[in-house]
């Protein structure tokens, strides 16, 4: 379930993301998007927002908390300066926007 969703999400994000702000990330952008999908589903599962089958539960997770958790996990794998950290935060924000948008399109 998760793997199929992640693959669809990765394709959707790669197709719709505005690449202009992420020129310095071009060599890693595809793998960054895949990593974000892993963090996204892991955080939702750990917080009971989805079950082990990927189905939504009645629980909700604050969007700001989700953003912070994803950024923390992402940065633990990507040492960088503050400028790059801001760029990664913008990437995560756009990723989350596209996830929401895709739920309407998929």
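Numbers below:
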read-out: Any hit, segment 28-51, residues being in a helix (DSSP H, G or I) and touching a strand residue (DSSP E or B) at 6+ places or on another chain (Cβ under 9 Å); value: yes
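Residue-wise test of (1) part of a loop (DSSP other than H, G, I, E, B); (2) touching a helix residue (DSSP H, G or I) at 6+ places or on another chain (Cβ under 7 Å); (3) surrounded by 15 or more Cβ atoms within 10 Å (Cβ to Cβ).
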position	(1), (2), (3)
14	no, yes, no
61	yes, yes, yes
64	no, no, no
83	no, no, no
90	no, yes, no
101	no, no, no
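Coordinate-derived values only; no laboratory data. What you see is a predicted model; the values in this text were computed from it and never measured. Note that each Cβ is placed from the backbone with ideal geometry, even for glycine, and that neighbours are counted across all protein chains shown.
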